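Participant: First the structure, which I've put down as structure tokens, then a few questions once you've had a look.
Just so it is clear, none of the values below were taken in a lab; they were calculated from the coordinates. Quantities reported herein were computed from a predicted structural model and do not represent experimental measurements. Heads up, the Cβs are rebuilt from the backbone with ideal geometry, glycines too, and the neighbour counts pull from every protein chain shown.
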Amino acid sequence: MIKPALKINIPEHINKEELRQKISELFSYRMFPWLLSESDKTEEENSIFMERLFELQESIYLLDAMLESRWEINDQEKERHWQHIIDQTKPCLTKDIHPLSVLQHIKKYEKHEIAIRSGHWPVRLSMSYFYFYKSCDVKLLRRLIYDFAGLEKKLGSLASWRLFDFVTEVNDDITDVFEDLSFYNGNRFLIHLLLYGKKSTEDVFLQFLKKLDSDIENERKLIFKSEAFEIILENSSIQTKETITLLKDRIDQVDITQLTQESVLTPYLLRNNKTK
């Protein structure tokens with residue numbers, strides 16, 4: 001029996017064409033096309049698999065869009081989105097495992113997003129812990145690419161991307177600070193600005209980015225490293241320096257009074273703040 005297609009409500013602020021463009025930019029920024037170019041699969045096989053990844057990422061974004069569009073969460077609707085994610089994960093698996101076994105980090109990050117509704121804001125967590133889980137969707141898709149293309153022997157461990165993922169996720173939050181004023185999500189950069197102001201936010205984020213930059217340069221000094229790891233480190237270094245520049249530009253642009261007036265989070269931050 002053919003299983004009927006699961007009906008997913010698409011939030012009003014989502015335009016499907018724009019969403020696909022956003023996913024394309026995400027994949028390019030996270031170097032997925034390069035990863036697939038390193039595989040021994042045919043161009044057609046890579047193209048089919050990439051489309052499956054698009055559909056999976058879209059299902060994750062639609063869950064995010066539902067969660068950030070409202071303060072009160074409809075659990076039944078959330079579960080429909082999760083079933084949609086599971087359904088889209090299955091065609092991407094090359095191993096005989098249950099989809100939920102590769103979706104645990106997404107589940108965990110979702111808990112942090114939902115926790116803001118109880119006053120548990122992301123600033124209570126360390127930067128490295130928070131941004132490790134915030135990159136959950138990218139880690140998932142990259143793992144699926146590695147499994148599909150058998151890349152671990154050729155490119156090395158998935159852990160090689162740790163620093164790259166930190167900086168690109170920080171970049172996303174800084175980039176989206178104005179866009180996210182209209183949404184109930186865990187943009188840590190925005191929330192830190194609203195709670196502690198510009199100086200504290202710049203100090204915390206700059207310290208984290210400079211530590212990443214230092215760690216990247218130390219890893220680049222290693223004698224024994226693969227060509228692929230050098231490419232990853234080079235891109236990590238470029239993104240870190242660009243993100244430091246972006247941070248300073250955003251701090252200059254930000255007007256705290258305006259952010260406070262325009263952010264939908266402001267009433268909840270003032271009423272219910274548990275940062276410990």
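Participant: Given R₀ = 45 Å, what would the calculated FRET efficiency be for TYR196 paired with GLU55, taking r from the Cβ atoms and rounding to 0.05?
Facilitator: Efficiency, from the Cβ-Cβ distance: 0.70.
Participant: Here is a further query. Diagonalise the Cα gyration tensor of segment 58-182 and give the resulting equivalent ellipsoid semi-axes, square root of 5 times each eigenvalue, largest first, whole Å.
Facilitator: With the √(5λ) rule applied to segment 58-182, the semi-axes are 26, 20, 12 Å.
Participant: So which trypsin sites (Lys or Arg not before Pro) in segment 93-160 are both in a DSSP loop and have at most 10 other Cβ atoms within 10 Å of their Cβ?
Facilitator: Qualifying residues, ordered by number: LYS95.
Participant: Please identify the DSSP H helices in the chain that span no less than 18 Å along the helix axis (Cα) and have a mean Kyte-Doolittle hydropathy of -0.5 or more.
Facilitator: 43-68, 136-149, 162-175, 188-220, 227-253
Participant: Still on this structure: Just to check, using Stokes-Einstein with a Kirkwood Rh over alpha carbon pairs, what's the diffusion coefficient of the chain at 10 °C and 1.306 mPa s in µm²/s?
Facilitator: Translational diffusion coefficient: 80 µm²/s.
Participant: Counting only GluC sites (Glu not before Pro) that sit in a DSSP loop (anything but H, G, I, E, B) with at most 12 other Cβ atoms within 10 Å, what is the longest stretch of the chain containing none of them?
Facilitator: The segment 73-276 is the longest one with no such site.
Participant: Here is a further query. Could you compute the FRET efficiency for ASP75 and SER24, with r as their C-beta to C-beta distance and R0 at 30 Å, rounded to 0.05?
Facilitator: 0.40
Participant: With point charges of +1 on the Cβ of Lys and Arg and -1 on the Cβ of Asp and Glu, referenced to the Cα centre of segment 41-127, which listed residue (LEU100, LEU67, HIS112) lies farthest in the positive direction of the dipole?
Facilitator: HIS112
Participant: If you don't mind, another one. Using the Cα gyration tensor of segment 119-189, with a ≥ b ≥ c the square roots of its eigenvalues, what is the shape: rounded (a/c below 1.5), prolate (a/b larger than b/c) or oblate (neither)?
Facilitator: prolate
Participant: Also: I need to check one value: relative contact order of the chain, counting alpha carbon pairs closer than 8 Å and at least 6 residues apart, in percent.
Facilitator: So the answer I get is 22 percent.
Participant: Let me ask something else. Considering the options HIS84, PHE54, ILE14, tell which one lies farthest towards the positive end of the dipole of segment 9-87, charges being +1 on Lys and Arg and -1 on Asp and Glu at the Cβ, about the Cα centre.
Facilitator: Of the options given, the answer is ILE14.
Participant: Put a dot 7 Å past each Cα toward the Cβ at ASN15 and HIS98; how far apart are the dots in nm?
Facilitator: A separation of 4.1 nm, rounded to one decimal place.
Participant: Structure shown: which of LYS139/LYS225; LYS90/LYS225; LYS78/LYS134; LYS108/LYS211; LYS107/LYS211; LYS90/LYS111 lie over 30 Å apart, alpha-carbon to alpha-carbon?
Facilitator: Over 30 Å apart, Cα to Cα: LYS90/LYS225.
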